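Read through the structure below, which is laid out as structure tokens, and then see the notes.
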Amino acid sequence: MKKTFTIEALDRIIEMAWEDRTPFDAITFQFNIKEQEVIELMRREMKPSSFRLWRARVQGRTTKHSKKRGFEDGRFKCTRQKQITHNKISKR
């Protein structure tokens, strides 16, 4: 069963998937989709060449998987990062 998202939600999922320091767990928390569903969404919504670039970039990247991260808190947060209201996960 395919989940349907608004255009804004699709854009945000794709943006979060491209970000190096945003783990798949954050996407799961905010949009309730698993890593495999993110991969399928990216395959469906992107051009084939862009999808191949993204897959090559994400595969093996430790920052995209929370359990592989080296820092102890489980999440990197810059000291200059500020809170955003109305967002489940603060990004900026």
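The values are calculated or read from the model by the stated rules, or taken from the named source; none is laboratory data. These numbers come from a predicted model, not from an experiment. Cβ sites come from the backbone with ideal geometry, for glycine too, and all protein chains shown count toward neighbours. Each accessible area value is taken on the protein alone, full model and side chains, heavy atoms only, with ligands, DNA and RNA left out. Shrake-Rupley method; radii C 1.70, N 1.55, O 1.52, S 1.80 Å.
General observations
- Solvent exposure of region 4-57 as accessible area per residue, Å², 1.4 Å probe: 62
- Highest mean first, the peptides 5-11, 17-23 sorted by other C-beta atoms within 10 Å per residue fall in the order 17-23, 5-11.
- Cα-projected label distance for K47 with T4, points at 7 Å along beta-carbon direction, nm: 2.8
- Cα point-scatterer Debye curve for region 1-40, base-10 log of I(q)/I(0) at q = 0.16, 0.18, 0.27, 0.34 Å⁻¹: -0.34, -0.43, -0.99, -1.43
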